[in-house]
Amino acid sequence: WAERERGTRGETAALRKRFSGLTAALRDSAESPLDASASFCREFCQILVEYGGQWKPEENPLPLLEMYTVAILCFAEATPSLFPECEHVTVVLEKLALSCLDLLLSVSENVPGALWEEFQSSVKVAHSILQANGNLQLSTLKTLAEESGVWNNSTLCSLLSDSMTDVEKGKIRSVTHLNLDFNVVCMQMQH
């Protein structure tokens, strides 16, 4: 992971820069607040699709976790400039949070310390920003971020333990295997 981490650091910095540019364009937009917010959401999703498409989560989910960590914080930082009545804002944030949760639940081993700490910090800051604007969509991720690792959450572990019935496990699996795709979200927003 250490060698791969060095390779993704430059890509992560470039991703942050793209999101920062997108947020600056939102603030400076001459479009109506609703149109500017919808455009921001479409372009935000497109950036995620482009960046995320480089990685195969079944082979190495950690670069995607890094992407979600950056994306969640950048989206939260843009929220004060987004038009609250734009339905795309809610949809993108919801899909972003659920996709990140889905990815975290697919990681069978502990996330390396530095990446987990970055995730914890970003989610806590993003949750605070969003909560100040009346949005609680990151509550589940914040709860996980309070632990020392995904699989250190006792409630989550007991939910997924062997003591559950097959029907209960099936319900949990159907929730955790959402396989959300930002391509679908982007296409829906364009129509």
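The values are calculated or read from the model by the stated rules, or taken from the named source; none is laboratory data. On a predicted model such as this, the values are computed, not experimentally measured, just so you know. No Cβ is skipped: glycine too gets one built from the backbone with ideal geometry, and neighbour counts run over all protein chains shown. Please note that ligands, DNA and RNA were not included when accessible areas were found on the heavy atoms of the full protein model with its side chains. Shrake-Rupley method; radii C 1.70, N 1.55, O 1.52, S 1.80 Å.
When peptides 27-35, 114-122, 13-21 are sorted by average Cβ neighbour count within 10 Å, with the highest value leading, the order is 114-122, 13-21, 27-35. Per-residue SASA remark: residue 73, around 30 Å² accessible (1.4 Å probe; ligands, DNA and RNA not included). Solvent exposure of the stretch 27-122, expressed per residue, is 43 Å² of accessible area, with all protein chains present and a 1.4 angstrom probe.
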